[in-house]
Amino acid sequence: MQKSPSAYDKERLTHINLLMDNIHDCTAEIYESLVDREFNNLKLVIPNLISQLKEIQSSIEDDI
């Protein structure tokens, strides 16, 4: 019989999925902005993505 995930694991996976959804949304917006040559929008979206990635990187530093 398979063990069900703990409440902590469920919360962790929910958080990971939210992060990945946000990253996906940013990359999709970057793609669309590049295609449409909406460079002013890129100036907003790229720093947002970088910030999200830095936040993830910072959060895992203690685990490494």
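Below, the figures for the structure above:
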| quantity | calculated |
| --- | --- |
| Asp9 being modelled with pLDDT under 95, open to solvent by less than 100 Å² (accessible area, probe 1.4 Å) and assigned to a helix (DSSP H, G or I) | yes |
| Test result for Lys3, of a type in the set (D, E, K, R) and assigned to a loop (DSSP other than H, G, I, E, B) | yes |
| Inter-residue pairs, beta-carbon under 7 Å, first open to solvent by 40 Å² or more (accessible area, probe 1.4 Å) and in segment 28-56, second among the β-branched types (Val, Ile, Thr), 6+ apart | Glu29/Val45; Ile46/Ile30 |
| Tally, over segment 1-55, of residues that are in contact with a Leu (Cβ under 9 Å, 6 or more places away or on another chain) and among the small types (Gly, Ala, Ser) | 1 |
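The values are calculated or read from the model by the stated rules, or taken from the named source; none is laboratory data. This is a predicted model, so every value here is computed, not measured. Here Cβ is always computed from backbone atoms with ideal geometry, including for glycine, and neighbour counts include all displayed protein chains. To get the accessible areas, we keep the full protein, side chains included, count just its heavy atoms, and leave off ligands, DNA and RNA. Shrake-Rupley method; radii C 1.70, N 1.55, O 1.52, S 1.80 Å.
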